[in-house]
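Participant: Right, I'll just put the structure down here and ask away after.
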Amino acid sequence: MSDNLASIVGEENLLVISMDAYHKWDREEMKTKTITHLNPGCNHLELALDHVKQFKEGKTVWKVIYDHATGKFTEPQKTEPRKFVLIMGLHPYHLREMRDLFDFRIFLSPDEDIRKRWKIYRDVKKRGYTPDEVVKILADRKPDSVGYIKAQEQYADLVINYFALRDLKERATDKDMGVSFIYHEDPKADLKLMKKLFEDRDMYAALQGGALTVTGGNSKKDVQELADVLFDEDSCILQKEVKWKAGVSGICQILLALELDRRVC
């Protein structure tokens with residue numbers, strides 16, 4: 001999500017805040033606890049709320065970062081707001097007061113087989129876990145995942161669901177997936193037009209109510225051509241030279257950019 005947004009608006013215009021920074025305890029300390037980070041009680045959510053308010057007011061915040069490579073927190077770092085602020089992590093919509101601060105609420109809801117393979121790949125490659133350890137963590141956290149994380153989906157303006165097009169043997173990549181954009185409020189984009197534009201490029205697209213489903217197979221050129229049709233040259237969202245992507249990532253770029261463009265410009 002953060003990579004796609006940065007590619008649209010420009011990294012210099014996007015501040016990404018991970019809510020992992022608001023965990024109460026680091027990795028070693030968590031080994032002595034009987035609850036998981038997915039439980040809101042394991043997180044300084046009131047502090048996160050205060051920081052989001054300050055970013056919204058254009059203020060500088062001193063905050064720590066949770067380093068997944070070491071499992072520890074850094075020293076507080078000076079963090080300047082930017083034109084766009086992306087708050088990502090486990091509990092952005094848990095507190096009503098924080099929910100009300102967002103201009104646009106997105107919830108990523110990949111099918112379980114995709115989510116499992118993404119997490120195994122990430123935690124083994126980047127966080128030093130073994131595959132068996134990751135599988136155990138997923139099982140142990142299942143109740144909290146359903147009770148505290150999945151429960152926040154209802155508060156999203158937009159739910160993005162990734163689903164597999166074939167049996168997965170390794171990490172799911174663009175060619176293995178399709179994506180559904182499920183709008184909980186009226187979309188700013190014209191979904192009927194988008195369906196037609198996707199189909200004109202020999203892509204599968206289906207529209208059911210407020211849900212637009214698209215499968216990949218599109219090239220970077222396809223996405224660039226869609227952007228040329230949909231956006232003015234003076235769009236206040238797009239950076240000067242967007243690096244459009246192929247496949248599902250490109251579809252997400254286009255639909256996210258459209259939604260932001262129609263909301264902000």
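Participant: Restricting attention to region 26-39, which residues are surrounded by 15 or more Cβ atoms within 10 Å (Cβ to Cβ) and not aliphatic (A, V, I, L, M)?
Facilitator: Once the filter is applied, which keeps residues that are surrounded by 15 or more Cβ atoms within 10 Å (Cβ to Cβ) and not aliphatic (A, V, I, L, M), region 26-39 yields Arg27, Thr36, His37, Asn39.
Participant: Confirm whether Ile106 is out of contact with any Gly (no Cβ under 8 Å at 6 or more places or on another chain), at pLDDT below 95, of a type in the set (A, V, I, L, M) and surrounded by 15 or more Cβ atoms within 10 Å (Cβ to Cβ).
Facilitator: Against the criterion (out of contact with any Gly (no Cβ under 8 Å at 6 or more places or on another chain), at pLDDT below 95, of a type in the set (A, V, I, L, M) and surrounded by 15 or more Cβ atoms within 10 Å (Cβ to Cβ)), Ile106 does not qualify.
Participant: Go through (1) more than 30 Å from Ile120 (Cα to Cα); (2) surrounded by 13 or more Cβ atoms within 10 Å (Cβ to Cβ); (3) not β-branched (Val, Ile, Thr) for Gly250 and report which single condition fails.
Facilitator: Result: Gly250 passes all but (1).
Participant: With Leu207, Leu226 as the choices, which residue is surrounded by 13 or more Cβ atoms within 10 Å (Cβ to Cβ) and either closer than 24 Å to Ala6 by Cβ or assigned by TED's automatic domain parsing to the domain that holds Glu12 (or both)?
Facilitator: After applying the criteria, what remains is Leu226.
Participant: So which of Ser7, Ser109, Ser18 is assigned by TED's automatic domain parsing to the domain that holds Arg141 and of a type in the set (Ser, Thr, Tyr)?
Facilitator: Result: Ser109 is the single residue among Ser7, Ser109, Ser18 that is assigned by TED's automatic domain parsing to the domain that holds Arg141 and of a type in the set (Ser, Thr, Tyr).
Participant: Something else: Among the residues of region 57-69, are any outside the structural domain of Asp123 (by TED's automatic domain parsing), more than 22 Å from Tyr93 (Cα to Cα), under 22 Å from the mean Cα position of the chain (by Cα) and exposed (fewer than 15 other Cβ atoms within 10 Å of the Cβ)?
Facilitator: yes
Participant: Follow-up question, since we're still on this one. Would you confirm whether or not region 25-45 contains a residue that is in contact with a strand residue (DSSP E or B) (Cβ under 9 Å, 6 or more places away or on another chain), over 22 Å from Asp140 (Cβ atoms) and in contact (Cβ under 8 Å) with a residue 40 or more places away in the chain?
Facilitator: No, the conditions are met nowhere in region 25-45.
Participant: Something else about it: Mind telling me which of the residues Ser235, Ser180, Ser145 ends up being in contact (Cβ under 8 Å) with a residue 12 or more places away in the chain, among the hydroxyl-bearing types (Ser, Thr, Tyr) and part of a loop (DSSP other than H, G, I, E, B)?
Facilitator: Residue meeting the stated conditions: Ser235.
The values are calculated or read from the model by the stated rules, or taken from the named source; none is laboratory data. Model, not experiment: these values are computed from the prediction. Every residue, glycine as well, gets a Cβ built from its backbone with ideal geometry; the counts of neighbours run over all protein chains shown.
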